[in-house]
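Enquirer: Mind looking over this structure? Questions follow.
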Amino acid sequence: MIEEKRRRERAATWRAIAFGCVVLLGVFVWLDSARTRPQADDSVEAARLREEQQRREAAEERGIDSDAGDAPEIVSGADDHSDTVAPESASRDGAVDPGERGFFDAQPVLVLIGPDALRDAAVRRDRALLERAVTRGGWDAYRGLLRRSVLAAIERLRLEDDGDDRFDPVWKQPALDRALLRWHTLGVFSEPVITSQISDLYTGEVFLWMLDRPEVMEELLLTIQPQDDPGFVLKFLRDARSADMERYATFFPLALACGVVFDRPLRIEHPLGSAATQVDPIGRYNWFLDQDLAGRLEAPVSRSSARDLVWVVCAPVADSELEWSLDRMHLRRKRWGNAYNDVEYLMERAVSGEDPYDAYTFAEILKKGGICTDQSYFCVNTARAQGIPAMILTGQTNEGPHAWAGIKIDDSEWSTAAGRVDGSTRGITRDPQTGLEITEQEILHWNERDLNSRAKSRAVWRHLWLGRFLHDAALEESAAAAVRIANRIGNAFVETWRELFALLERDTRLTGDPPAPSNLDEWKDFVRDMRRAFRENPRMAALAGEAEHRYVLPYEKDSKVRSAMLRERRRISRESGEQADLIADSLRREAELLLTQGGDQAKDKIISLYGSALRQYGSNVAGFELMADDYFSFFRDDPERAAKAVRDIERAFDREIETGDKDWFHANVEAGIYTMIAGFYRSVGEEGRADRLEKRRDTLMRRAERAAD
């Protein structure tokens, strides 16, 4: 009995010891989890970054191994702020506390690569620093911290491969990719712009939202242009988010398009009654958002990029006109160009210039008819009301000026066929975002398969953005490598050629005797390769012509120069005969090079050059007018040669252009050329020849007017 009692006591003791150990272990586990437990938002952010990395690793075959040290705590310049954000707000006038600059300058670099970049401690620190910049300013210093951090991360990655995949490890690190995009985004919005719009976490909510999402920053960087007003854009993005926070992610491209278009007031061309005379930016945003949600749009704006939507929101019409299109127009997107010919051509308006409209509404244009400008206006703006990107193009034909429509008839194809006539030269439109001209050939180039591939576009632009960052950091060898890779994998992207052009310019030095560019062979390769890449669209290779004119031909023999320019004109004539202005531009550049030789011999060569060109290319009216004007301008201060030039021009007109046709449009074209040549004759003092041509012009127009009646 005694032995049994002792055995039970020992067993009870061991059970008590075991229970105590379990309890003690549980306490330690609980304390550790309580010490390291992240905020809910941080865990979500860390999970999102981990998920993004997993998606990238699954989509790409190659991976990298990198060690990152423990994520450091926030180091304060004056106070200990750790993971918290001070309640003070940045000044509304853009002033920044100098202490904030010192605070960010004193921070260790962010952890951007390896597993530690995704840990909660690194995520919390990143968020705290970002929120501090929002509430207390110091954006330039924060951007400087990003710059140091990205450079440190890239150095640790040891990007030494010479292949096109050299920089792929950068994109496999989500935190590094995001930091690089943040650096570029903060380069778009300067510190004074940001602090004028953002002063606390409430007003800074949209900015925090943007800077946390790589896909949003990419959309912004692909859309915004130097001509845009960043302050207006940021304010509009903030206001649009406040108006509808729930759907903001879906309609961010629409908000961005409105921001970059309406930073300049958009006048309603034909206001109705007492209605507004300018488009209300937030009203236009809400109108398209509402119609999309109601399912009324032929092309839902929620599925389009901001770059496409700038051609939608810019419709210079009242909302009531947009509503008319939704109520009355029932064409499919693919066939929207038919709306052009739905408007009957009004010959009386073409001849007399009469205005038959009371209010110039869509309904009135459709009822009364109109000329090409009215047909284009109707077709394009009813399309925009449906969410379909569209534009009005204008250009010169052998029958005179003309207007037609460009329409994005599906997600990856622009068409300029609506209302177009053969022989249209240099169709242009005006970019509603920048106000700059865009040519028809550039619009058609947007149909290139690579430009419509999201994966290809992303790869190309990532390299271009990285190249710009590395150039800013004076890492020129790496910057050049990034640009050259972008050009090799994306030679259909004109932007890669512009970056390569800028790179070659930075490397150009005049050396030798006689002096010549040290990289002359690279310039020759640039010219050859760009023309080869845009063989079917010579206008897109205009930069090759500029490079040749500035850095190649001035250092070649005269005979070689003339042979090269002649080959260029033959190529343009063969591949894109309608673009006669390109031929005129080639002739002018060759003549300018000849003038640099000086002397009468060079001038005689120019006379021979244009005499031959007018015979060979003079049948295109637009090209003839350009060549004639250039030819005469070279000798405006040389009366004898100017008289020779104008006689050559008149003979070419008689041979290539003049028909005497009573058709109203042909007659107007020929009358315009009569007037131009008569002006040349008066400039050289040959009044009799000028009078004779003007009489022929007047006779032709009287006959045409009688025929039109």
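Enquirer: Test D140 against the criterion of being surrounded by fewer than 21 Cβ atoms within 10 Å (Cβ to Cβ) and at negative phi, and give yes or no. I'd like the intermediate steps shown before the answer.
Expert: Numbers: surrounded by fewer than 21 Cβ atoms within 10 Å (Cβ to Cβ): yes; at negative phi: yes.
Yes.
Enquirer: Now a separate question. Can you tell me how many residues in segment 172-196 are in contact with a Pro (Cβ under 8 Å, 6 or more places away or on another chain), closer than 13 Å to L112 by Cα and open to solvent by 10 Å² or more (accessible area, probe 1.4 Å)?
Expert: 1
Enquirer: Among the residues of segment 419-440 satisfying the criterion of being part of a loop (DSSP other than H, G, I, E, B) and on the phi > 0 side of the Ramachandran plot, which is most open to solvent (accessible area, probe 1.4 Å)?
Expert: Filtering segment 419-440 down to residues part of a loop (DSSP other than H, G, I, E, B) leaves 419-424, 431-436.
If we keep only those that are on the phi > 0 side of the Ramachandran plot too, we end up with 419, 423, 435.
Numbers: G419: 19, G423: 20, G435: 36 Å².
The selected residue is G435.
Enquirer: Out of the residues in segment 224-274 meeting the condition of being closer than 16 Å to S302 by Cβ and of a type in the set (S, T, Y), tell me which one is most open to solvent (accessible area, probe 1.4 Å).
Expert: Here the answer is T250.
Enquirer: Also, quick follow-up: Of a type in the set (G, A, S), assigned to a helix (DSSP H, G or I) and either more than 30 Å from G423 (Cα to Cα) or in contact with a strand residue (DSSP E or B) (Cβ under 7 Å, 6 or more places away or on another chain) (or both) - does that describe any residue in segment 553-563? Show your work before the answer.
Expert: From segment 553-563, those of a type in the set (G, A, S) are 559, 563; that's our starting set.
Subset that is assigned to a helix (DSSP H, G or I): 559, 563.
Narrowing further to those that are either more than 30 Å from G423 (Cα to Cα) or in contact with a strand residue (DSSP E or B) (Cβ under 7 Å, 6 or more places away or on another chain) (or both): 559.
Yes, some residue in segment 553-563 is of a type in the set (G, A, S), assigned to a helix (DSSP H, G or I) and either more than 30 Å from G423 (Cα to Cα) or in contact with a strand residue (DSSP E or B) (Cβ under 7 Å, 6 or more places away or on another chain) (or both).
Enquirer: To continue, here is another question. I'd like to check something: does segment 603-617 contain any residue that is within 20 Å of E548 (Cα to Cα), of a type outside the set (D, E) and at pLDDT 85 or above? Walk me through it before giving the result.
Expert: The first filter runs over segment 603-617 and keeps only residues within 20 Å of E548 (Cα to Cα), leaving 606, 609.
Those left that are additionally of a type outside the set (D, E): 606, 609.
Then keep just the ones that are at pLDDT 85 or above; that gives 606, 609.
Yes; the residues of segment 603-617 include at least one that is within 20 Å of E548 (Cα to Cα), of a type outside the set (D, E) and at pLDDT 85 or above.
Enquirer: Does segment 543-551 contain any residue that is at pLDDT 90 or above, closer than 25 Å to A580 by Cα and in contact with a Pro (Cβ under 8 Å, 6 or more places away or on another chain)?
Expert: Yes, segment 543-551 contains at least one residue that is at pLDDT 90 or above, closer than 25 Å to A580 by Cα and in contact with a Pro (Cβ under 8 Å, 6 or more places away or on another chain).
Enquirer: Are there helices (runs of 4 or more DSSP H) fully within segment 197-290 with at least 1 residues that are of a type outside the set (A, V, I, L, M) and under 18 Å from the mean Cα position of the chain (by Cα)? List them. Steps first, please.
Expert: Values: elements: 205-211, 214-223, 230-243, 248-261.
Of the helices (runs of 4 or more DSSP H) lying wholly inside segment 197-290, those with at least 1 residues that are of a type outside the set (A, V, I, L, M) and under 18 Å from the mean Cα position of the chain (by Cα) span 214-223, 230-243, 248-261.
Enquirer: Looking for whichever is at negative phi, touching a strand residue (DSSP E or B) at 6+ places or on another chain (Cβ under 9 Å) and surrounded by 13 or more Cβ atoms within 10 Å (Cβ to Cβ) here; the options are P281, P356. Which one fits?
Expert: On the way: P281 fails: touching a strand residue (DSSP E or B) at 6+ places or on another chain (Cβ under 9 Å).
After ruling out the rest, the residue left standing is P356.
Residue-by-condition table, conditions (1) at pLDDT 95 or above; (2) over 23 Å from the mean Cα position of the chain (by Cα); (3) more than 26 Å from H463 (Cβ to Cβ):
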| residue | (1), (2), (3) |
| --- | --- |
| A486 | yes, no, no |
| G490 | yes, no, no |
| R498 | yes, no, no |
| F501 | yes, no, no |
| L510 | no, yes, yes |
| P515 | no, yes, yes |
| E522 | yes, yes, no |
| A564 | no, yes, yes |
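Enquirer: Considering only segment 566-589, state which residues are part of a helix (DSSP H, G or I) and touching a Lys or Arg at 6+ places or on another chain (Cβ under 7 Å). Working first, answer last.
Expert: Pass one, segment 566-589, residues part of a helix (DSSP H, G or I): 566-575, 580-589.
Matches in segment 566-589: E575, D581, L582, I583, S586.
Enquirer: Go through (1) at positive phi; (2) open to solvent by 20 Å² or more (accessible area, probe 1.4 Å); (3) not basic (K, R) one by one and return the number of the condition G387 breaks.
Expert: So G387 meets the others, but not (2).
Enquirer: For segment 603-613, check the following and say yes or no: at least one residue is of a type outside the set (A, V, I, L, M), closer than 19 Å to T659 by Cβ and either without any contact (Cβ under 8 Å) to a residue 12 or more places away in the chain or in a loop (DSSP other than H, G, I, E, B) (or both).
Expert: Just the residues of segment 603-613 that are of a type outside the set (A, V, I, L, M), to begin with: 603-605, 608, 610-612.
Filter again for closer than 19 Å to T659 by Cβ, leaving none.
No, every residue in segment 603-613 fails to be of a type outside the set (A, V, I, L, M), closer than 19 Å to T659 by Cβ and either without any contact (Cβ under 8 Å) to a residue 12 or more places away in the chain or in a loop (DSSP other than H, G, I, E, B) (or both).
Enquirer: A further question on this structure: Take segment 390-418 and flag every residue that is farther than 18 Å from I443 by Cβ, in a strand (DSSP E or B) and open to solvent by 10 Å² or more (accessible area, probe 1.4 Å). Reasoning before the result, please.
Expert: Filtering segment 390-418 for residues farther than 18 Å from I443 by Cβ gives 398-401.
Pick out the ones that are also in a strand (DSSP E or B) and you get 400-401.
Once the filter is applied, which keeps residues that are farther than 18 Å from I443 by Cβ, in a strand (DSSP E or B) and open to solvent by 10 Å² or more (accessible area, probe 1.4 Å), segment 390-418 yields only P401.
Enquirer: For segment 627-678, give me the residue count where each residue is of a type in the set (F, W, Y), under 16 Å from A613 (Cβ atoms) and assigned to a helix (DSSP H, G or I). Explain how you work it out, then say what you get.
Expert: Keep residues of segment 627-678 that are of a type in the set (F, W, Y), which gives 631-632, 634-635, 653, 664-665, 674.
Still in the running and under 16 Å from A613 (Cβ atoms): 631-632, 634-635, 653.
This time we only want the ones that are assigned to a helix (DSSP H, G or I), so: 631-632, 653.
Count: 3.
Enquirer: What are the pairs with Cβ atoms under 9 angstrom where one residue, in segment 194-216, is free of Cβ contacts under 8 Å to residues at least 12 places away in the same chain and the other, located anywhere, is open to solvent by 10 Å² or more (accessible area, probe 1.4 Å)? Sequence gap at least six, or different chains.
Expert: Close Cβ pairs satisfying both conditions: R213/R178; R213/A249.
The values are calculated or read from the model by the stated rules, or taken from the named source; none is laboratory data. Bear in mind the structure is a predicted one, so any value in this text is a computation, not a measurement. Reconstructed Cβ throughout: ideal geometry from the backbone, glycine too, with neighbour counts over all protein chains shown. Surface accessibility is based on the protein's heavy atoms, side chains included, excluding ligands, DNA and RNA. Shrake-Rupley method; radii C 1.70, N 1.55, O 1.52, S 1.80 Å.
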